[in-house]
Amino acid sequence: HTILGLESSCDDTAAAVVRQSEGEVPEILSSVVFGQTELHAEFGGVVPEIAARAHAEKIDICVKQALEQANLTLADIDALAVTAGPGLIGGVLSGVMCAKGLAAGSGKPLIGVNHLAGHALTPRLTDGIAFPYLMLLVSGGHCQFLLVKGPEDFTRLGGTIDDAPGEAFDKTARLLGLPQPGGPAVQAEAEKGDPKRFRFPRPLLDRPGCDMSFSGLKTALLRARDQVVAEKGGLTTRDRADLAAGFQAAVRDVLVEKTRRALALYLAENPAQPVLAVAGGVAANTAIRAGLETASDEMKVSFTAPPLALCTDNAAMIAYAGLERFRLGHCDDMTLVARPRWPLDKQAKALLGSGK
Ligand code: ATP
Ligand code: FE
């Protein structure tokens, strides 16, 4: 099957073509991403209206380039997959309308994809891992442990009760005067700093279960920064690096410890398939990846992390998630709606109480 995927749920406009033949590994024939970082730079965060306009302007050219790079025309495509949520509604609408237009014009099937399913299925695209596996999905807007049993079968075992770590990285970058997106900038600073100089809290580690909290960490960082500024009148390069290092170490420690607990829960039910996979933008963080890898080794679990470009938003993951649905015969039609909110798991609450 050959699927054209479209993604426009946040601040990247993307299109990609993914192909998988019967019994073969999936292949990314093209993956085009137009970022919007410069458009939002002066505002210190993504501005929904600006994002929506940029998606509407860029999506057609993005599709054209993805087809060209794959050396294909629309006639060679079996189905169109598009992110139908969750995300900024203006952007999601741009993608869904473009995909509907292409589907109507070509007579090809239309498949709505949950953006989070795209992230969560990426390790199957990049490493061909089999179901089930434990997924730590850690991104700009989400942070959750998912038991993944099938392309549409996700059970949430726990996750953040407030902010996502990506958000915390972005906020930290703003507080330290670093550029957006904050993750890569904070990581680069942290590599030069001493993680022990500032001791930030590790929230909820004293409580059982695998829920997490990151909002207090931002406040702690703000307080530490203001104290240094009050004492010295400003931040030195050293201070900035040490604050970044302290922050990153706290996020890493929480994620690693909670992953151990989620793995223990997962392994109790799925001892024959000891696999941890990560996805989402924060999974691009070297220190966090290393911590998760060590924990996996210690627990004799195999660890999979997609290449960096497939951790952050892209359309190859959407095309692939669409391909998995297509294989099941699960297509949508012109009634497909764009959804700002769209939780992945249907049954988790019933299985695990509130999850807290
Ligand atoms: P979601 O997928 O939850 O809807 P999103 O699509 O905005 O949110 P992603 O594109 O998956 O999120 O990830 C972007 C986030 O990842 C940003 O918050 C960014 O700061 C963070 N990020 C990217 N690289 C790194 C890194 N090296 N270290 C930490 N965080 C990173
Ligand atoms: Fe994302």
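The values are calculated or read from the model by the stated rules, or taken from the named source; none is laboratory data. Keep in mind that this is a model prediction, so the values were computed, not measured. So basically every Cβ, Gly included, is an ideal-geometry build from the backbone, and we count neighbours across all protein chains shown.
Points worth noting:
- Scanning the range 44-79 for residues that are away from ligand 1 (no atom under 15 Å from the Cβ), in a loop (DSSP other than H, G, I, E, B) and not acidic (Asp, Glu), we see that the one that is nearest to Ala173 (Cα to Cα) is Ala70.
- Tally, over the range 213-225, of residues that are touching a helix residue (DSSP H, G or I) at 6+ places or on another chain (Cβ under 9 Å) and part of a helix (DSSP H, G or I): 8
- Cβ-Cβ contacts under 8 Å between residues 6 or more apart (or on different chains), taken from a first residue in the range 126-143 that is within 16 Å of ligand 2 (Cβ to nearest atom) to a second residue that is of a type in the set (D, E, K, R), are listed as Gly140/Glu167; Gly140/Asp170; Gly141/Glu167.
- Hey, Gly150 surrounded by fewer than 19 Cβ atoms within 10 Å (Cβ to Cβ) and either more than 14 Å from ligand 1 (Cβ to nearest atom) or within 15 Å of Phe43 (Cα to Cα) (or both) or not: yes
- Failed criterion for Glu189 (all others in (1) charged (D, E, K, R); (2) crowded, with 19+ Cβ neighbours inside 10 Å; (3) touching a residue at least 60 places away in the same chain (Cβ under 8 Å) hold): (3)
- Candidate set from the range 165-179 (those that are crowded, with 24+ Cβ neighbours inside 10 Å and hydrophobic (A, V, I, L, M, F, W, C)); member that is farthest from ligand 2 (Cβ to nearest atom): Ala168
- The set of residues from the range 309-337 being surrounded by fewer than 18 Cβ atoms within 10 Å (Cβ to Cβ) and of a type in the set (Asp, Glu) comprises just one member, Asp333.
- Within the range 93-125, tally of residues that are in contact with a Leu (Cβ under 7 Å, 6 or more places away or on another chain) and without any contact (Cβ under 8 Å) to a residue 60 or more places away in the chain: 2
- Exactly one residue out of Glu57, Glu68 is surrounded by fewer than 20 Cβ atoms within 10 Å (Cβ to Cβ) and at pLDDT below 95, and it is Glu57.
- For the range 294-303, the condition holds for at least one residue, the condition being that it is more than 23 Å from Leu125 (Cα to Cα), more than 15 Å from ligand 2 (Cβ to nearest atom) and under 22 Å from the mean Cα position of the chain (by Cα).
- Residue list for the range 297-323, filter: within 16 Å of ligand 1 (Cβ to nearest atom) and among the acidic types (Asp, Glu): Asp313
- Subset of the range 252-296 [in a loop (DSSP other than H, G, I, E, B) and free of Cβ contacts under 8 Å to residues at least 40 places away in the same chain]: Pro271, Ala272, Pro274
- Considering the range 182-238, the residues that are within 16 Å of ligand 1 (Cβ to nearest atom) and touching a Pro at 6+ places or on another chain (Cβ under 6 Å) include one that is farthest from Thr160 (Cα to Cα), namely Ala185.
- Filter pass, Pro271 being within 16 Å of ligand 1 (Cβ to nearest atom) and either of a type in the set (Val, Ile, Thr) or surrounded by fewer than 16 Cβ atoms within 10 Å (Cβ to Cβ) (or both): no
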